[in-house]
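The values are calculated or read from the model by the stated rules, or taken from the named source; none is laboratory data. What you see is a predicted model, and the numbers here were worked out from it, not measured in a lab. Reconstructed Cβ throughout: ideal geometry from the backbone, glycine too, with neighbour counts over all protein chains shown.
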6 protein chains.
Amino acid sequence: MKIDAATIKLVRRRLYSGVISDVLDTLGDWDHALAPHVRPLDEELVLFGRARTGLYMSVYHVEGRANPYELEIALVDDLKKDEVAVLGCPKGNRVAPWGELLSTAARARGAAGCVTDGLVRDLRLIRKMKFPVFAGGIGPLDSKGRGAVMKIDVPIECGGVRVTAGDWIFGDVDGVVVIRAALAEKAVALALEKVKSETTVREELSKGYRLKDVFARHGIL
Amino acid sequence: MKIDAATIKLVRRRLYSGVISDVLDTLGDWDHALAPHVRPLDEELVLFGRARTGLYMSVYHVEGRANPYELEIALVDDLKKDEVAVLGCPKGNRVAPWGELLSTAARARGAAGCVTDGLVRDLRLIRKMKFPVFAGGIGPLDSKGRGAVMKIDVPIECGGVRVTAGDWIFGDVDGVVVIRAALAEKAVALALEKVKSETTVREELSKGYRLKDVFARHGIL
Amino acid sequence: MKIDAATIKLVRRRLYSGVISDVLDTLGDWDHALAPHVRPLDEELVLFGRARTGLYMSVYHVEGRANPYELEIALVDDLKKDEVAVLGCPKGNRVAPWGELLSTAARARGAAGCVTDGLVRDLRLIRKMKFPVFAGGIGPLDSKGRGAVMKIDVPIECGGVRVTAGDWIFGDVDGVVVIRAALAEKAVALALEKVKSETTVREELSKGYRLKDVFARHGIL
Amino acid sequence: MKIDAATIKLVRRRLYSGVISDVLDTLGDWDHALAPHVRPLDEELVLFGRARTGLYMSVYHVEGRANPYELEIALVDDLKKDEVAVLGCPKGNRVAPWGELLSTAARARGAAGCVTDGLVRDLRLIRKMKFPVFAGGIGPLDSKGRGAVMKIDVPIECGGVRVTAGDWIFGDVDGVVVIRAALAEKAVALALEKVKSETTVREELSKGYRLKDVFARHGIL
Amino acid sequence: MKIDAATIKLVRRRLYSGVISDVLDTLGDWDHALAPHVRPLDEELVLFGRARTGLYMSVYHVEGRANPYELEIALVDDLKKDEVAVLGCPKGNRVAPWGELLSTAARARGAAGCVTDGLVRDLRLIRKMKFPVFAGGIGPLDSKGRGAVMKIDVPIECGGVRVTAGDWIFGDVDGVVVIRAALAEKAVALALEKVKSETTVREELSKGYRLKDVFARHGIL
Amino acid sequence: MKIDAATIKLVRRRLYSGVISDVLDTLGDWDHALAPHVRPLDEELVLFGRARTGLYMSVYHVEGRANPYELEIALVDDLKKDEVAVLGCPKGNRVAPWGELLSTAARARGAAGCVTDGLVRDLRLIRKMKFPVFAGGIGPLDSKGRGAVMKIDVPIECGGVRVTAGDWIFGDVDGVVVIRAALAEKAVALALEKVKSETTVREELSKGYRLKDVFARHGIL
């Protein structure tokens, strides 16, 4: 199952992070879910797209020279349609590497959203835009003089999970899942199938059948 | 005050966790409130019912044999009307021992809800069901190969509080409170009374009376 | 720019914590944003007012004598129009030093709101009042026998930031910012200006101009 | 078994925290061991004496008036022979409420030692004195302007365990145990007995007998 | 290089955890070092042997039936020469699953030592035995009624690293390293070689050669 | 008091971190003590010298190009007599940016020691060298592929305290203190004085004078 524009739409409409996570377990990739403190700013939105990565470092001074946002700007200006900016921040980070202006710029390029284990600011405007952003917290502090993207498109860790540029990212109300590029087509196909069987299970359970019997029949929980 | 079906309804309609907590303090039981990271999935819902307990362990492999959910299924299949599944998980747990299918099964048996200091998944569907679930976080990871219920109906710790099967559990937007079985009738009766006096206090305060005087008059804050 | 009643209204309507934080950075005050776990109970409300401080201590018994809430009551009864009660609590605090009755009393005096890094209870009623409260968490436990205000109107730390009585406090969906009394007039004036230029930037970005060029033109991100 | 001067010496020579802890479990008091980050400054020393308690609060300014150490000085000046100063500090405390000068003063009064979950300084000199001090960490910061004892001889929490003035405190290389006053005579008597049977077990195990059989014979592990 | 009795002795005498860790990096296994809070009880001792695993769960009551230590006893009674008991405990565990009697029993069977991310007690006697034990902390609490080994010889996590029965464990003053069974022969051979080149580097550096040049020459740091 | 070679020796022989910390408080610099988890590898050694700073970032891959240690090597190769390498690492860092070979190289240049809130390895050899190293922990993992110095001689944060190249660093068994360059001469002079008065206080206390009176006389605790 090629992941083209039509599949991307289908995934966003039909899948959810739980079913993708189950399928990745089956495929032997157990370490794919970002830590639970990474939450969506808007629980209604679904994110699906390809990762472009940025690696953050804490800094403790403003450098005299030019542009403290240089690499972050480069990353956002280079985002393509359906790409997701994924920013890995140091633990205990109290800075917001993402906000409304970057969201506006990213959306103008067709980007699918942003995921960071750092903070985000400008919630009101980002929510109004309906732009899917998942963050490790919320806070007003700008990154200038506090943090900077030092490398882009390298492997990073975000929410405790390794993310490589080109991985697929799925996020919804239940959290964020990283789908390795090599597993993506298979995972999406299997997840679309699994969604169907869950409907049967749900119906049987709501009729009052015992979990034990339903699980014996379908092997799904 | 016997806690029968009518009382249960009354408690759900009239009481809130703060007033029950105050009353338990008065009765000498100070350690009854789950840690504040245990939050309701839906802040509108109120939970009141009797605890059935499950004790979780982290595991790091899928066992060859049969059913990784065996005891959890047994617990849910055995839930009676107005019972609450309470699942105690290890600290730092990143797995969701509860989700929509278990909610569906539990509700079909008349259970009142679920409380866990672990994670929960399938928020969208659980919220749609209006089934009261309180959890230590949200995340997509299934428990298979990561965690398992090892014992049921034994004393556990959930959110830092000891819970014994048969204790009463009350949860609302302010948190979750455990009411020891032996104190329950007295606590409910006292709480229903206290609710009334708070109305008087509120009225006086909103008229602009000084806290100092109102507190001197009613001894309530 | 004198901060009189008209300015206070203007600030509440026009500003947001991000822009104030940026301006404080410019003025050389980098340590002004409360830790991100201090969140608004109602994300729609904006708080702006002058700090009145209370310093909390954990206690482990109820003292025989009189009134465990004595200094807290004194603080609230003394709140003036547009003042904000700021309560600094010990780390790991599980107690709610603030709730609905204190909110009612504070509002009756014209207070602007409350900020604490401790817990708060009675969410339903506080939200109904539309009274701006920012807290480090939510929980039902009363402070009696667990914590007490030991000093008022002294310098405290709240959410990791030093707060002195008389500082200005601004809070919204993005977090809480402390504006030192000495910087307040300048900061407010600068923030009101900065808000305007951001509109231009936003418009250019949404038209698809590259971040790099827009940042070069306006120096704002 | 009355805990007189002779018993105190015997306890210090014969017992260790593990055997006392086991005996307290048997007597139904499960919550008696301070958190493991509370460590002896000198692993060779044994502490046994009666608790005198002090409750610390974090402060954020130096008060103009007189003596920031007032209550702490009062506590130390009042220590009697074989008493132990137990200082409960707020979590995350980075201040040293105890050091060499207080150790010198306490020892001059015959005090048995000091236990705190805060920090301690002046290790070199305290170790030279062979004065038993157990602390939550080591650091050079004085408490003036950072913390103060607000109450003495009230119930406190130290290392996560409730301590009341008059409780017996035992500390050695394995940690610190609180023996409630009411249980002390019984606990000491039982522990002195248990120490003997452990010798038999140890001898059998070192001869190569299987744990299973030795445990079946003596019920001790 | 077969890991026979002679190699085991050689490894204990010549290698150290840093050089083994470097070699494992080279072999592509990056996740092999236990978290730094797992420390040796005696910094002079070196541990090298094969893992036998036990998986711990927190419990909150003493079960009426028989033997709370059943599986732990089974594991220790079955230890063979040069095996290492590796016990994985839940995070935040405050219980000591290991102590002097188990050390005595293990040593009597020829076991090489014990590694746990839980606590250990009876330091004085264990140190006197010169038995290598590495633990996540020190504390007096027995496991009975607080924790129990639920499975043995299954894959576990200890100090954040996956350990499978049969892996080789190396521990010294710098920490504990897990060497996967499949990599062990190669890793040991490479490490013995690397130790030699480090001597050359050390000599050149102590003569004052610049790091830059020495690193260029030998590629080792 | 100029801080020349003679003063440096005097400081190392006479002062300790507690007295320097007290003096810095007096001079109005309250934030000068590294967090207490930064400990000396050898509690007998005293460190005093001028800071040269390095700022670490976590990385998650080995870059193809040349030298992963480039800036760290540059920093060490450039150390002058009595300078101290101070390496600030991200929170939760599990990597050792410092070890025996760097110690050897640094010592060969006359450097005074190393301070890091990251880990250190090769304890045995570093201790044998009697080279003063203070670290946030101990562990065997090399930094290659896990972390890298990204900037040198910029302001950093180490153990929670801002350090600027040129600040003076004092470390002993009680911890590490940063003395801002501008305060150093005054602080050293005052500390040398204070040390003397403490001797008087100690003598009075050990004779049994009450703390209250001794403190009233000398104002020192």
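Scanning region B:42-72 for residues that are over 21 Å from residue B:153 (Cα atoms) and within 14 Å of chain C (Cβ to nearest Cβ) returns B:42, B:43, B:44, B:45, B:46. Scanning region B:22-42 for residues that are under 14 Å from residue C:96 (Cβ atoms) and in contact with a Phe, Trp or Tyr (Cβ under 9 Å, 6 or more places away or on another chain) gives a single hit, B:34. Any residue in region F:7-28 that is more than 9 Å from every other protein chain (Cβ to nearest Cβ), touching a Cys at 6+ places or on another chain (Cβ under 8 Å), crowded, with 23+ Cβ neighbours inside 10 Å and at pLDDT 95 or above? Checked against the condition, which is being more than 9 Å from every other protein chain (Cβ to nearest Cβ), touching a Cys at 6+ places or on another chain (Cβ under 8 Å), crowded, with 23+ Cβ neighbours inside 10 Å and at pLDDT 95 or above, region F:7-28 yields no hits at all. Just one of the listed residues (F:180, F:210) is in contact with a Ser or Thr (Cβ under 8 Å, 6 or more places away or on another chain) and of a type outside the set (A, V, I, L, M), and it is F:180.
Entry remark, region C:145-158: residues being under 28 Å from residue D:162 (Cβ atoms) and assigned to a loop (DSSP other than H, G, I, E, B) number 2 in total.
What are the residues in region C:75-94 that are touching a strand residue (DSSP E or B) at 6+ places or on another chain (Cβ under 6 Å), crowded, with 24+ Cβ neighbours inside 10 Å and within 14 Å of chain D (Cβ to nearest Cβ), if any? Passing the criteria: C:86, C:87, C:88, C:89.
Table: residues versus (1) within 30 Å of residue F:128 (Cα to Cα); (2) out of contact with any helix residue (DSSP H, G or I) (no Cβ under 9 Å at 6 or more places or on another chain); (3) among the hydrophobic types (A, V, I, L, M, F, W, C); (4) in a helix (DSSP H, G or I).
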site: E:124; (1), (2), (3), (4): yes, no, no, yes
site: E:134; (1), (2), (3), (4): yes, yes, yes, no
site: E:140; (1), (2), (3), (4): no, no, no, no
site: E:171; (1), (2), (3), (4): yes, no, no, no
site: E:192; (1), (2), (3), (4): yes, no, yes, yes
site: E:196; (1), (2), (3), (4): yes, yes, no, yes
site: E:208; (1), (2), (3), (4): yes, no, no, no
site: E:214; (1), (2), (3), (4): yes, no, yes, yes
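Take residue B:161 and decide whether it is more than 8 Å from every other protein chain (Cβ to nearest Cβ) and either of a type in the set (A, V, I, L, M) or buried (at least 24 other Cβ atoms within 10 Å of the Cβ) (or both). So residue B:161 fits the description; yes.
Filtering region C:48-106 down to residues that are hydrophobic (A, V, I, L, M, F, W, C) and part of a loop (DSSP other than H, G, I, E, B), which residue is modelled with the lowest pLDDT? Filtering region C:48-106 for residues that are hydrophobic (A, V, I, L, M, F, W, C) and part of a loop (DSSP other than H, G, I, E, B), the one modelled with the lowest pLDDT comes out as C:66. Restricting region B:190-202 to residues that are free of Cβ contacts under 8 Å to residues at least 12 places away in the same chain and more than 9 Å from chain C (Cβ to nearest Cβ) leaves a set whose member that is surrounded by the most Cβ atoms within 10 Å (Cβ to Cβ) is B:193. Could you tell me whether residue A:151 is surrounded by fewer than 17 Cβ atoms within 10 Å (Cβ to Cβ), under 28 Å from residue C:221 (Cβ atoms) and either within 14 Å of chain C (Cβ to nearest Cβ) or out of contact with any Lys or Arg (no Cβ under 6 Å at 6 or more places or on another chain) (or both)? Considered against the rule, which asks whether it is surrounded by fewer than 17 Cβ atoms within 10 Å (Cβ to Cβ), under 28 Å from residue C:221 (Cβ atoms) and either within 14 Å of chain C (Cβ to nearest Cβ) or out of contact with any Lys or Arg (no Cβ under 6 Å at 6 or more places or on another chain) (or both), residue A:151 comes out as no.
Might you let me know whether region A:139-152 holds any residue that is of a type outside the set (Gly, Ala, Ser), under 27 Å from residue A:173 (Cβ atoms) and modelled with pLDDT of 95 or more?
Within region A:139-152, one or more residues are of a type outside the set (Gly, Ala, Ser), under 27 Å from residue A:173 (Cβ atoms) and modelled with pLDDT of 95 or more.
The C-beta contact set for region E:155-168 (first residue within 14 Å of residue E:112 (Cα to Cα) and hydroxyl-bearing (Ser, Thr, Tyr), second residue in a strand (DSSP E or B) and at pLDDT 95 or above, distance under 9 angstrom, 6+ apart or interchain) is empty.
Of all the criteria given as (1) touching a helix residue (DSSP H, G or I) at 6+ places or on another chain (Cβ under 7 Å); (2) free of Cβ contacts under 8 Å to residues at least 40 places away in the same chain; (3) assigned to a loop (DSSP other than H, G, I, E, B); (4) not charged (D, E, K, R), the one not satisfied by residue E:28 is (1). Determine whether residue E:187 is away from chain D (no Cβ under 14 Å), among the small types (Gly, Ala, Ser), farther than 26 Å from residue F:129 by Cβ and touching a helix residue (DSSP H, G or I) at 6+ places or on another chain (Cβ under 7 Å). So residue E:187 passes the test. Among the residues of region C:106-121, some residue qualifies, meaning at least one is among the hydroxyl-bearing types (Ser, Thr, Tyr) and touching a residue at least 40 places away in the same chain (Cβ under 8 Å). Across region B:174-190, a minimum of one residue is classified as basic (Lys, Arg), closer than 25 Å to residue B:26 by Cβ and outside any loop (DSSP other than H, G, I, E, B). Of all residues in region C:117-132, those that are under 18 Å from residue B:39 (Cα atoms) and under 15 Å from the mean Cα position of the chain (by Cα) total 4. Number of residues in region C:119-134 that are crowded, with 24+ Cβ neighbours inside 10 Å and within 12 Å of chain B (Cβ to nearest Cβ) equals 5. Taken as a whole, the condition of being closer than 22 Å to residue F:141 by Cβ, polar (S, T, N, Q) and touching a strand residue (DSSP E or B) at 6+ places or on another chain (Cβ under 6 Å) does not apply to residue F:17. A single entry from F:113, F:99, F:137 fulfils the requirement of being facing chain E (nearest Cβ under 10 Å), closer than 24 Å to residue E:16 by Cα and within 15 Å of the chain's Cα centre (by Cα): F:137.
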